[in-house]
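Bear in mind that the values in this text are calculations on the coordinates, not laboratory data. Remember, it's a predicted structure, so these values are computed and weren't measured experimentally. Cβ sites come from the backbone with ideal geometry, for glycine too, and all protein chains shown count toward neighbours.
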């Protein structure tokens, strides 16, 4: 029987400071970059017009740019979409713009005339066209934010109910970490934040939670089993014991996300990227964020011994205080 | 009881049967455009899995009230009116499964799968509604012209069969010609006099929810009174004709012929009812011969509301006209006491024309007899829709070409097959026999998830397919957890049987807790998402539930069978 990591005994928790460094190195520059430059939201969120064109002859983004410039559309973004015959043209609205449908229709008409002028009639088709008003986009951003927030609350309550409140806090914070690193990843990759990407982020949240809970379940069990061990030891033991499962499940999941990434086409690719990264960050955070946070909480607010949670604090041995040694009497 | 192998196999068998049943190709009612351009219900045999707009291509429109040219007084009410109007026009889009729904309180979503012309869709949606009150043809001008029409049709060599054939040839799955059994109609509708109707139909009719009797039963020759007349039955009032639902296209085709058009009396117009009615086991579509000049139009209407009459406790619609409208209406109703007045919205007659009891000026009441308050509210909405325009602006528009959808399906299918094969390979390579059991359970997982999607009539979207592929990777997790536990127990030196028992038992907590929290996240995703994302969330939720059932219950059953066959088993291939 093949068995990976059957009797693994790595000191995961001991390496946590190194792990913090790694995640900070990924997360912090990305977040600063996001704060400075913002995320590349899709027009679903910003409002605007998207025209996907498919040309008969291969062309380049530069040629399309030139054609649009001549047609008077200077603020368009052009992106190659898979092959050299497919391009996506986006015209975003500034968040304050009051735009009606006619303006969006004008945009699509402008794209049409500009490309016809450059490439000739019948030389391209429009397989996809989207126009979103600014109000719809704003609402959507708000709704996405609320959905993520509420899902946090719900898991916190569920974990507090099934485990202990501190487990819920640790799992939720680990999940927050996943969202931040994923956002940084999205920024590095310059992926477009569309509805589907938001769905991917929420799926990463679910996946990471899932993973954290598998380890916490083992922690819960081991806390009862090994009453004498401290929490760091129990965390290490639990992570090592669940390691074969982690390797296998992450393996099968990675297999599917890679299949999506490579084969499922351009529309799904951002989703697949986010999911692939999410599996790594989810695994990482279950081990290096959720566990250590639990440990930190335990240090700060030691739990009741009756719940079996012991911290790496000075052993609470009840020793009767020694009577102070009698002061040497100095007698004159 | 549920723990014996037999009972478990029965439960699994039932689950398989339910899913297989929900996926079995069945007759689905679809609205398709006939050769004559008319939308009609036809049945199609196919797998009941709906594809989202992103897969089959089509147009998605998001509409809100346009308040840029003056505020709309009661926005919530205006949205309801607009919704009513769009629903009335639903057939004009000419697509099989249009979706018109209210989103929240202020938005209307229109989804038109397969439609390629956004400009037309937008024009239909934004056109303002037109309401007219028209008197029915009380002098029976139309009915008296019927014999002439029949003669003209016969002279032109037109029979019901020839027209029906022409319609059937071009309309896929059109209902077979089936004249109404006259006796059933006689009883309920009065004697089947040879009455008829003519001229062009109203622009379109709304979705017919009625049942259809497709018994092919050709009694045309037996009646022998011309091609058109036998298809029309006298309704409850002058100028109302009942047409068997499956004959509507034929009647329309006959009425549209130039030799019939010429014979329609001057000043008479033919309008179809918005909805079919059922009489006994059959569905009829009422057709009305109306006086073309409306006695009043919607612009004079100020308000309409549904109320319960305090004395009779019956649903009524009270309406108010403007002062000028009141003067016109007073004059007209004075001339038409005891006549029937049709309420026509966008050329379709809404509800049965009520009779005018007395002269009405600015305030009137429509009694609906035994109709429910719901019906009254519906009629009030119709009146208001024609009276108070609810201008709509398009706040969101998405068009996906069918080729893009096809490409997406093609790519996603390849990704799905490769992803599943990889998972199968990993599981069998690592767990051997146990892996084979898990893969068998995975196949059931696929069946349960897809069956569940069909059973809930969820829509399959591209992110949904991606979510499904992803869920296959995650679905084996429960099995992995269990198998790892079993291995741990075996490593402790326990017997095979005990290890399996313990493995399932110990893994249970982790499986339930982790899956419940994932479902919670997916549920919020469902709540927040629109179209594609909703499809993703529902796939994920179904997938998790199905994976719990297959990983825990189904593989356990496999093991029970396996152990029973080999009682003295010492080693386990895991």
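For the reader, a short list of remarks on this structure follows.
- Values of log10 I(q)/I(0), in the order q = 0.18, 0.20 Å⁻¹, for the stretch B:436-574 under a Debye, Cα-only, solvent-free model: -0.94, -1.08
- The stretch B:221-297: relative contact order in percent, alpha carbon pairs under 8 Å with at least 6 residues between: 30 percent
- With 0.36 nm allotted per residue and the present C-alpha distance subtracted, the residue B:87-residue B:4 stretch has 24.5 nm of extension available.
- For the stretch A:48-132: rounded, prolate or oblate by the Cα gyration tensor [a/c cutoff 1.5]: prolate
- Taking only the alpha carbons of chain A, we obtain Rg and Dmax values of 27.5, 119 Å in that order.
- Using equal-weight Cα scatterers in the Debye expression, the normalised intensity of the stretch A:1-73 in log10 at q = 0.14, 0.22, 0.23 Å⁻¹ is -0.78, -1.09, -1.10.
- Based on DSSP H segments of at least four residues, each scored -39500 (n - 2.57), chain A has a per-residue ellipticity at 222 nm of -20500 deg cm²/dmol.
- Using a Förster distance of 30 Å, the FRET efficiency for residue A:300-residue A:32 (Cβ separation, nearest 0.05): 0.55
- Cα-based helix-to-principal-axis angle, B:433-455 vs chain B, degrees rounded to 10: 10 degrees
- The protection proxy used here, the mean number of other Cβ atoms lying within 10 Å of each residue, ranks peptides B:102-112, B:309-319 as follows, highest first: B:102-112, B:309-319.
- In this structure, residue A:22 and residue A:247 have a Cβ-Cβ separation that, at R0 = 22 Å, corresponds to a calculated FRET efficiency of about 0.70.
- Long-range tail of P(r) for the stretch B:397-445 (Cα pairs > 13 Å, %): 65 percent
- The long axis of helix B:160-170 is offset from the longest Cα principal axis of chain B by roughly 40 degrees.
- Centroid-to-centroid separation of the stretch B:424-481 and the stretch A:155-169 [C-alpha atoms, Å]: 29 Å
- For the stretch A:156-283, the fraction of C-alpha pairs more than 25 angstrom apart is 32%.
- When chain A is treated as a GNM with alpha-carbon contacts under 10 Å, the residue of A:120, A:30, A:168 showing the greatest mean-square fluctuation is A:120.
- Look at A:187, B:494 and count the other Cβ atoms within 10 Å of each Cβ; fewest to most, that gives B:494, A:187.
- Shape analysis of the stretch B:460-527 places it in the prolate category; the axes a ≥ b ≥ c from the Cα gyration tensor give an a/c of at least 1.5, with a/b above b/c.
- When you restrict to C-alpha pairs under 8 Å that are six or more residues apart and normalise by the size of chain A, the relative contact order lands at 23 percent.
- Exposure proxy ranking for A:301, B:272, A:33, based on other Cβ atoms within 10 angstrom of each Cβ and starting from the fewest, stands as A:301, A:33, B:272.
- The slack between residue B:327 and residue B:161, meaning 0.36 nm per residue of separation minus the straight C-alpha distance, is 54.7 nm.
- Restricting the calculation to Cα atoms, chain B yields a radius of gyration followed by a Dmax of 30.9, 101 Å.
- Across every direction, the projection of the convex hull enclosing the Cα atoms of the stretch A:130-172 has a mean area of 3.6 nm².
- Residues B:410, A:250, arranged from fewest to most other Cβ atoms within 10 angstrom of their Cβ, appear as B:410, A:250.
- Principal axis extents of the Cα atoms in the protein assembly as shown, from largest to smallest and rounded to whole angstrom, are 136, 72, 70.
- Each peptide in A:218-231, A:287-300, B:340-353 was scored by the mean count of other Cβ atoms within 10 Å over its residues; highest first, the order is B:340-353, A:287-300, A:218-231.
- Inter-chain neighbour count for B:411-417: the average number of beta-carbon atoms from partner chains within 10 Å of each residue's beta-carbon is 6.
- Stretchable slack from residue B:425 to residue B:46, in nm (0.36 nm times residue separation minus alpha-carbon distance): 133.2 nm
- Peptide B:400-409 - average C-beta neighbours from other chains (10 Å radius): 4
- With Cα atoms, 0 to 90° folded angle of helix A:61-70 axis to chain A main axis: 50 degrees
- Here the label points at residue B:299 and residue B:139, each 7 Å from Cα along the C-beta direction, are separated by 2.8 nm in the simple model.
- Most simply put, chain A has about 95% antiparallel DSSP beta bridges, counting only bridges with both residues inside it.
- Beta-bridge orientation, the protein assembly as shown: approximately 95 percent antiparallel, per DSSP, counting only bridges with both partners inside.
- Sequence-distant contacts, meaning Cα pairs under 8 Å at least 6 residues apart, place the relative contact order of chain B at 18 percent.
- Cα gyration tensor, the stretch B:258-338 - rounded (a/c under 1.5), prolate or oblate: oblate
- For the stretch B:324-471, the fraction of alpha-carbon pairs lying more than 20 Å apart is 71 percent, rounded to a whole number.
- Using the Cβ-Cβ distance between residue B:413 and residue B:20 with R0 set to 22 Å, the FRET efficiency works out to roughly 0.55.
- Summed over qualifying helices (DSSP H, 4 residues or more, each -39500 (n - 2.57)) and divided by its residue number, chain B shows a 222 nm mean residue ellipticity of -15500 deg cm²/dmol.
- For chain B, share of DSSP beta bridges that run antiparallel, in % to the nearest 5: 95 percent
- Other protein chain Cβ atoms within 10 Å, averaged over every residue that makes up A:213-223: 4
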